[in-house]
Amino acid sequence: MMRLLLDIGNSRLKWALADGRQLRERGHFQHRDADLQALATQHWQSLDPPGSVIVANVASPAIAAVVTGWVETHWGIEPRLLASSRTAGGVTNGYQVPASLGIDRWAALVGAHADAGGAACVVDCGTAITLDLLDAQGVHRGGLIVPGIELMQHALQRNTASLVTPRAQSAAVPLADNTADAIVSGSVYAAAAAIERIVREMAASCGDSVRVVLTGGGAGRVEPLLALAVELQPDLVLKGLAILAGEN
């Protein structure tokens with residue numbers, strides 16, 4: 001049975017058709033400040049109706065309602081919204097209240113554990129940057145959340161006078177010669193520096209050899225600046241969702 005997996009982040013929606021744990025057709029779009037109904041129609045109207053729709057939502061309930069409403073209207077399917085649990089996919093949730101761990105972080109941990117096992121630090125570079133440590137026994141040891149690249153840029157724009165709007169696609173450089181590039185480069189370097197420091201401390205606390213798994217929309221901007229060996233896995237949350245969907 002083909003499933004449609006939806007990973008609804010704060011800014012971007014990623015989707016994939018999954019046959020069991022195998023991801024088939026996939027795509028993504030920015031939903032913030034956009035016509036979500038129109039985007040859903042553009043991306044999904046040509047798909048054959050799936051057998052089920054599985055949703056991981058960390059955006060607002062209103063965003064989830066638009067997406068689930070589109071699915072119900074066009075396919076007559078009631079989507080299933082997942083929440084983090086105490087255990088799944090061989091992983092044990094380390095949060096005091098398991099359901100309070102973001103479902104995207106939970107799915108990423110499950111996906112990383114299934115991919116290769118062993119200890120891993122999962123770094124998701126989205127609107128926020130989340131870092132979570134998984135030990136060799138599949139136990140989530142906890143994690144941290146820091147502002148993402150664009151959040152840092154927006155904070156500068158809101159709270160500092162006379163700054164220009166950053167150029168979204170500017171490459172990070174260590175010595176910028178204009179304010180726009182200085183904002184962009186500073187935020188990317190800050191993200192990379194925070195990731196390196198946190199990952200090293202997490203790995204030291206674990207005592208095992210730790211894989212670093214990098215995912216999220218900003219991963220490609222940060223990865224070239226990291227003095228760490230990393231695995232770049234853009235579909236990690238969707239991989240985890242495919243596993244969770246099979247267990248729920």
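Per-structure values
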{"item": "Per residue, the convex hull volume that the Cα atoms of the chain enclose (Å³)", "result": "131"}
{"item": "Normalised contact order of the chain, rounded percent, pairs of Cα under 8 Å and 6 or more residues apart", "result": "19"}
{"item": "By average C-beta atoms within 10 angstrom, highest first, the peptides 137-146, 226-235, 50-59", "result": "50-59, 137-146, 226-235"}
{"item": "Length released on extending from residue 205 to residue 136, taking residue separation times 0.36 nm less the Cα-Cα span", "result": "23.6 nm"}
{"item": "For segment 2-81, size of Cβ-based charge dipole, Lys and Arg +1, Asp and Glu -1, in debye", "result": "300"}
{"item": "Amide proton proximity set for residue 31, modelled H, under 5 Å, gap of 5+", "result": "12, 13"}
{"item": "Cα-centred dipole magnitude for the chain, charges only on beta-carbon of K, R (+1) and D, E (-1), debye, nearest 20", "result": "180"}
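Laboratory data are not the source of any read-out in this text; all were calculated from the coordinates shown. These figures come from a predicted structure and were not determined experimentally. Note: ideal-geometry Cβ built from the backbone for every residue, glycine included; neighbour counts use all protein chains shown.
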